[in-house]
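The values are calculated or read from the model by the stated rules, or taken from the named source; none is laboratory data. Note that this is a predicted model, so its numbers are computed, not measured. All Cβ positions, glycine included, derive from the backbone under ideal geometry; neighbour counts span all protein chains shown. These area figures cover heavy atoms from the full protein model, side chains too; ligands, DNA and RNA do not enter into them. Shrake-Rupley method; radii C 1.70, N 1.55, O 1.52, S 1.80 Å.
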Amino acid sequence: MTNAQPRVAWALEYAARGWAVFPLYTIRDGHCTCPGWKTGSPPGKRPVTGHGVRDASTDASQIRAWWKASPSANIAIATGRTSGLVVVDADVHTGGMDKLGNFALPETGKVRTGSGGLHLYYTCEWTTKGQENLTVGIHAKGDGGYVVVPPSIHVKGVYEWLNPEAKLAEVPAWLLNW
């Protein structure tokens, strides 16, 4: 898919993979479109829906309704059992990118985040873990968490798949015991 395609097409594609999605407020003119954008969640990551990640869905009619109401909404995917994913998040601003090589992580699907960090996507049939810090700047997102996905916008840039055709690796067993 290309960034030129409507966000709803992206959201429906993710849902077709079995990944539950929900809309987030986006960035416009360098600011979050959410009410009270100066406080709360980081810009472009605040849920549009009333229950956020708990509203995540793979239902195409629900997804179409959300993006009909907010066509430019950023897209989030629920992590953990909801979507069968664990995502390792390496933040650039806290040094996570420099430490990522210290972990034995298999090659998998990768997203460059809007701030220049990295998300590594792993399949996982079960996990009881939420968001856990592996070290300063690197955390794993499981049950109850979510990640922002392409082509969503961050105040510093656009999320993009680095290897869109990659087969996702299974989450390493050690990562489930963090």
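Annotations
- Largest to smallest principal axis extent of the C-alpha atoms in the range 1-133, angstrom: 43, 33, 30
- For GLU160, neighbours were defined as the other residues whose beta-carbon sits under 11 Å from its Cβ, and their charges (Lys and Arg +1, Asp and Glu -1) total +2.
- The local environment of LYS110, defined by Cβ-Cβ distances under 14 Å, has a net charge of -2 under the rule Lys, Arg +1 and Asp, Glu -1.
- In Hz, Karplus ³J(HN,Hα) per residue of the range 53-58 (6.51, -1.76, 1.60; θ = phi - 60°; x = Gly, Pro): 4, 5, 8, 3, 8, 10
- Principal-axis tilt of helix 60-69 within the chain, Cα atoms, nearest 10 degrees: 60 degrees
- The GluC sites (Glu not before Pro) found in the range 50-156 that occupy coil by DSSP, while having at most 14 further C-beta atoms within 10 Å, are GLU107, GLU125.
- Binned Cα-Cα distance frequencies in the range 34-104 - 10 Å width, integer %: 15, 37, 33, 14, 1
- Using every pair of separate Cα atoms, the Kirkwood estimate puts the hydrodynamic radius of the range 55-178 at 15.0 angstrom.
- Residues in the range 108-117 carry Karplus couplings, in order, of 6, x, 10, 10, 7, 6, x, 8, x, x Hz; the curve used is 6.51 cos²θ - 1.76 cosθ + 1.60 with θ = phi - 60°, and Gly or Pro positions show x.
- Per residue, the range 97-178 exposes an accessible area of 50 Å² to a 1.4 Å probe, with every protein chain left in place.
- Computed from Cα positions, the angle between helix 7-16 and the longest principal axis of the chain comes to roughly 50 degrees.
- Local electrostatic count, VAL136, Cβ distance below 15 Å [Lys/Arg +1, Asp/Glu -1]: -3
- By a 1.4 Å probe calculation restricted to protein chains, LYS110 has an accessible surface near 50 Å², given to the nearest 10.
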